[in-house]
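These notes are about the structure you will find just below.
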Amino acid sequence: MSFAHVPDLPWLDLVGMVFRFLTFLFAATFIVRYSRRPWRSLPEGRHLMGFTCLVAAFMLWSLVNNIAAWLDPQPPTIRPDGKWPGRELVACVLFGFTAWYMYKRNTLLNPQRDAREAVEAENDLHDDRIEGISETQELSEAVHDLASAVRDDDSDDSKV
C-alpha cells in the first residue's frame, strides 16, 4: 500500500520539533527542581522522577535524531516511520500533549502552592487545637459541676 499522494508537511515537523524541545525543557526543569526534595523516600516519588527522566531522555534522543536527519545532505529514500496520512499531525498532537503534561508536572512544585498548602495545614492544626481546648474546657466544666454536685450531696447528708 503506497501513500505517494500524501503531501509532505515540513512545517508540522518543525512544530513537532518545537514541542519535543519544550517537553525536554519542562522535564529537565522538573528533574532539577524535584531533585531538591526527598523524592527517594516514597515509591510515588521514585516513580515520578524515573518516569520524568525517561520522558526527558526520549525527547532529547528524538530531538537530536530529528536534527541529525535534517542536517544529513543525502535524505533517506524512505522515512523510517513511514509516510502514512496524518503522520505529522498525529506526531504534533502527541508531542504537544506531552509538552503540556510536563508543564503541568512543573506546577506541582509551585512555591506559592506549597506555601498555600502549608498555611492550610497550619490553620487545620490550629482549628484542631481550638476544638481540643473547647472540648477540654467542656469536660473540665462537667467534672467541676459533678464535683460540686457530689459536695452538695455530701453536705446535705451531713445535715441529716
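The values are calculated or read from the model by the stated rules, or taken from the named source; none is laboratory data. Since we're looking at a predicted model, the values are computed, not measured. Counting neighbours? That spans all protein chains shown, and the Cβs are built from the backbone with ideal geometry, glycine included.
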**Q.** Residue count for segment 39-63, restricted to those that are more than 14 Å from Leu25 (Cβ to Cβ) and hydroxyl-bearing (Ser, Thr, Tyr)
**A.** 1
Q. Could we say that Ala99 is at pLDDT 80 or above, more than 13 Å from Asp13 (Cα to Cα), in contact with a Leu (Cβ under 7 Å, 6 or more places away or on another chain) and assigned by TED's automatic domain parsing to the domain that holds Ile31 here?
A. yes
Q: Can you give me the number of residues within segment 132-160 that are modelled with pLDDT of 70 or more and small (Gly, Ala, Ser)?
A: 5
